[in-house]
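Asks: So that we are looking at the same thing, I have put the structure below in C-alpha coordinates.
The values are calculated or read from the model by the stated rules, or taken from the named source; none is laboratory data. For clarity, every value in this text was computed on a predicted model and none was experimentally measured. Cβ sites come from the backbone with ideal geometry, for glycine too, and all protein chains shown count toward neighbours. Only protein heavy atoms, including side chains, enter the accessible area calculation; ligands, DNA and RNA are left aside. Shrake-Rupley method; radii C 1.70, N 1.55, O 1.52, S 1.80 Å.
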Amino acid sequence: MSDALIQLLTAFIGALGFSLVFNVRRELLLSASLGGMLVWGVYLFCGYFFEGVFLPSLVAAAFASLYSEILARVKKAPATVFYTPALIPLVPGGSLYYTMSYAIRGEWESMSLSGSSTAYCALGIAVGMSLVLSTDFTLRKIIGKLSLKGKLDQNKR
(Lines give C-alpha, C1' and ligand atoms only; values in the text may rest on other atoms or scores of the structure.)
Protein backbone atom coordinates (compact mmCIF):
# COMPACT_ATOMS: atom_id res chain seq x y z
CA MET A 1 0.00 0.00 0.00
CA SER A 2 1.39 3.41 -0.85
CA ASP A 3 2.45 5.91 1.80
CA ALA A 4 -0.31 8.39 0.88
CA LEU A 5 -3.04 5.74 1.19
CA ILE A 6 -1.76 4.71 4.61
CA GLN A 7 -1.75 8.35 5.70
CA LEU A 8 -5.31 8.86 4.44
CA LEU A 9 -6.49 5.72 6.21
CA THR A 10 -4.87 6.74 9.49
CA ALA A 11 -6.32 10.25 9.15
CA PHE A 12 -9.78 8.66 8.80
CA ILE A 13 -9.20 6.41 11.82
CA GLY A 14 -7.83 9.31 13.88
CA ALA A 15 -10.80 11.51 13.00
CA LEU A 16 -13.14 8.62 13.79
CA GLY A 17 -11.48 8.16 17.17
CA PHE A 18 -11.91 11.80 18.07
CA SER A 19 -15.48 11.72 16.81
CA LEU A 20 -16.17 8.86 19.20
CA VAL A 21 -14.44 10.66 22.08
CA PHE A 22 -16.57 13.76 21.43
CA ASN A 23 -19.77 11.66 21.26
CA VAL A 24 -20.66 12.58 17.70
CA ARG A 25 -24.07 11.15 16.83
CA ARG A 26 -23.93 7.80 15.07
CA GLU A 27 -25.49 9.10 11.83
CA LEU A 28 -22.81 11.83 11.61
CA LEU A 29 -19.77 9.64 12.37
CA LEU A 30 -18.97 8.76 8.77
CA SER A 31 -19.24 12.36 7.53
CA ALA A 32 -17.13 13.70 10.40
CA SER A 33 -14.45 11.03 9.89
CA LEU A 34 -14.38 11.50 6.14
CA GLY A 35 -13.68 15.17 6.82
CA GLY A 36 -10.41 14.28 8.53
CA MET A 37 -9.37 12.06 5.65
CA LEU A 38 -10.31 14.62 2.99
CA VAL A 39 -8.54 17.45 4.82
CA TRP A 40 -5.38 15.38 5.10
CA GLY A 41 -5.68 14.56 1.40
CA VAL A 42 -5.87 18.27 0.60
CA TYR A 43 -2.81 18.86 2.78
CA LEU A 44 -0.84 16.12 1.01
CA PHE A 45 -1.92 17.38 -2.41
CA CYS A 46 -0.88 20.95 -1.58
CA GLY A 47 2.43 19.64 -0.26
CA TYR A 48 3.37 18.70 -3.81
CA PHE A 49 2.94 22.30 -4.98
CA PHE A 50 3.97 24.41 -2.00
CA GLU A 51 7.16 24.23 0.00
CA GLY A 52 6.91 24.25 3.79
CA VAL A 53 3.90 23.73 5.99
CA PHE A 54 2.21 27.15 6.05
CA LEU A 55 0.37 27.14 2.70
CA PRO A 56 -0.65 23.45 2.78
CA SER A 57 -1.99 23.97 6.32
CA LEU A 58 -3.81 27.14 5.26
CA VAL A 59 -5.49 25.53 2.25
CA ALA A 60 -6.36 22.35 4.18
CA ALA A 61 -7.83 24.33 7.10
CA ALA A 62 -9.84 26.48 4.70
CA PHE A 63 -11.14 23.30 3.10
CA ALA A 64 -12.00 21.92 6.56
CA SER A 65 -13.97 25.07 7.36
CA LEU A 66 -15.82 24.99 4.07
CA TYR A 67 -16.54 21.26 4.41
CA SER A 68 -17.80 21.74 7.96
CA GLU A 69 -20.04 24.69 7.15
CA ILE A 70 -21.59 22.91 4.17
CA LEU A 71 -22.18 19.67 6.07
CA ALA A 72 -23.64 21.58 9.02
CA ARG A 73 -26.35 22.93 6.75
CA VAL A 74 -26.92 19.68 4.85
CA LYS A 75 -27.00 17.46 7.96
CA LYS A 76 -28.68 20.09 10.18
CA ALA A 77 -26.02 19.77 12.86
CA PRO A 78 -23.58 22.19 14.48
CA ALA A 79 -20.51 22.90 12.37
CA THR A 80 -18.17 22.08 15.26
CA VAL A 81 -19.26 18.45 15.01
CA PHE A 82 -17.42 18.41 11.67
CA TYR A 83 -14.67 20.98 12.40
CA THR A 84 -12.98 19.17 15.22
CA PRO A 85 -12.50 15.74 13.61
CA ALA A 86 -11.56 17.36 10.28
CA LEU A 87 -8.81 19.46 11.85
CA ILE A 88 -7.32 16.71 14.03
CA PRO A 89 -4.96 15.39 11.31
CA LEU A 90 -3.54 18.91 10.83
CA VAL A 91 -2.56 19.43 14.47
CA PRO A 92 1.26 19.66 14.58
CA GLY A 93 1.66 17.30 17.52
CA GLY A 94 4.82 15.61 16.27
CA SER A 95 6.73 18.82 15.58
CA LEU A 96 5.59 20.26 18.93
CA TYR A 97 6.88 17.14 20.68
CA TYR A 98 10.24 17.42 18.95
CA THR A 99 10.43 21.14 19.74
CA MET A 100 9.99 20.44 23.44
CA SER A 101 12.39 17.49 23.30
CA TYR A 102 15.11 19.65 21.72
CA ALA A 103 14.48 22.37 24.31
CA ILE A 104 14.87 19.93 27.21
CA ARG A 105 18.13 18.60 25.73
CA GLY A 106 19.42 22.12 25.12
CA GLU A 107 19.64 21.71 21.33
CA TRP A 108 18.62 25.30 20.64
CA GLU A 109 19.18 25.36 16.89
CA SER A 110 17.11 22.22 16.32
CA MET A 111 14.48 23.56 18.72
CA SER A 112 14.28 26.79 16.75
CA LEU A 113 13.81 25.00 13.42
CA SER A 114 11.19 22.61 14.78
CA GLY A 115 9.45 25.38 16.70
CA SER A 116 9.17 27.61 13.66
CA SER A 117 7.69 24.73 11.67
CA THR A 118 5.14 24.18 14.45
CA ALA A 119 4.28 27.88 14.57
CA TYR A 120 3.90 28.12 10.78
CA CYS A 121 1.59 25.11 10.75
CA ALA A 122 -0.55 26.51 13.58
CA LEU A 123 -0.64 29.93 11.90
CA GLY A 124 -1.68 28.34 8.59
CA ILE A 125 -4.54 26.51 10.31
CA ALA A 126 -5.71 29.69 12.04
CA VAL A 127 -5.53 31.83 8.90
CA GLY A 128 -7.24 29.20 6.73
CA MET A 129 -10.14 28.82 9.15
CA SER A 130 -10.41 32.58 9.65
CA LEU A 131 -10.62 33.27 5.93
CA VAL A 132 -13.57 30.96 5.40
CA LEU A 133 -15.37 31.85 8.63
CA SER A 134 -15.05 35.60 8.12
CA THR A 135 -16.18 35.29 4.50
CA ASP A 136 -19.17 33.20 5.61
CA PHE A 137 -20.02 35.72 8.35
CA THR A 138 -19.77 38.67 5.95
CA LEU A 139 -21.88 36.99 3.28
CA ARG A 140 -24.57 36.09 5.81
CA LYS A 141 -24.66 39.66 7.05
CA ILE A 142 -24.98 41.04 3.52
CA ILE A 143 -27.67 38.53 2.59
CA GLY A 144 -29.51 39.28 5.83
CA LYS A 145 -29.49 43.00 5.10
CA LEU A 146 -30.65 42.43 1.53
CA SER A 147 -33.51 40.20 2.63
CA LEU A 148 -34.48 42.68 5.36
CA LYS A 149 -34.43 45.51 2.82
CA GLY A 150 -36.63 43.41 0.50
CA LYS A 151 -39.13 42.82 3.31
CA LEU A 152 -39.20 46.51 4.15
CA ASP A 153 -39.78 47.39 0.48
CA GLN A 154 -42.68 44.92 0.32
CA ASN A 155 -44.24 46.43 3.45
CA LYS A 156 -44.20 49.91 1.87
CA ARG A 157 -46.36 48.76 -1.03
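Asks: Just in the stretch 105-141: which chymotrypsin sites (Phe, Trp or Tyr not before Pro) are loop by DSSP and have at most 13 other Cβ atoms within 10 Å? Walk me through the intermediate numbers first.
Replies: On the way: sites: 108, 120, 137; in loops: none.
In loop regions of the stretch 105-141 (DSSP not H, G, I, E or B), there are no sparsely surrounded chymotrypsin sites (Phe, Trp or Tyr not before Pro).
Asks: Write out the GluC sites (Glu not before Pro) in the stretch 10-96 meeting two conditions: DSSP loop, and at most 12 other Cβ atoms within 10 Å of their Cβ.
Replies: Loop-located and lightly packed - 51.
Asks: Past the 27 angstrom mark, what percentage of all C-alpha to C-alpha distances in the chain do you count? Working shown, then result.
Replies: Details: 4421 of 12246 pairs.
Result: 36 percent of Cα pairs exceed 27 Å.
Asks: Compute the accessible area per residue over the stretch 44-150, keeping the other protein chains in place, probe 1.4 Å, unit Å². Numbers along the way, then the final one.
Replies: Numbers: 6540 Å² over 107 residues.
Each residue of the stretch 44-150 exposes 61 Å² on average to a 1.4 Å probe.
Asks: Based on a Kirkwood Rh over C-alpha pairs, give the Stokes-Einstein translational diffusion coefficient of the stretch 49-122 at 10 °C and viscosity 1.306 mPa s in µm²/s. Intermediate values should be presented prior to the final figure.
Replies: Values: Rh = 13.7 Å.
For the chosen part, D equals 116 µm²/s.
Asks: For the chain, with all protein chains present and a 1.4 Å probe, just round the carbon and sulfur fraction of the accessible area to a whole percent. All intermediate terms of the calculation are to be shown ahead of the outcome.
Replies: Numbers: 6980 of 10010 Å².
The computed percentage sits at 70.
Asks: Quick one: ranking 138, 118 by accessible area, 1.4 Å probe, largest first, what do you get?
Replies: On the way: 138 70, 118 20 Å².
In descending accessible area the options line up as 138, 118.
Asks: To continue, here is another question. Computed FRET efficiency, Cβ-Cβ of residue 134 and residue 49, R0 22 Å: what is it to the nearest 0.05? Provide the component values of the computation, followed by the final result.
Replies: Details: r = 25 Å, r/R0 = 1.12.
Result of the calculation: an efficiency of 0.35.
Asks: Would you mind calculating the gained length between residue 2 and residue 22 on full extension (0.36 nm times residue separation, minus the Cα-Cα distance), in nm to one decimal?
Replies: On the way: separation 20, 0.36 × 20 = 7.20 nm, distance 3.04 nm.
Length gained, residue 2 through residue 22: 4.2 nm.
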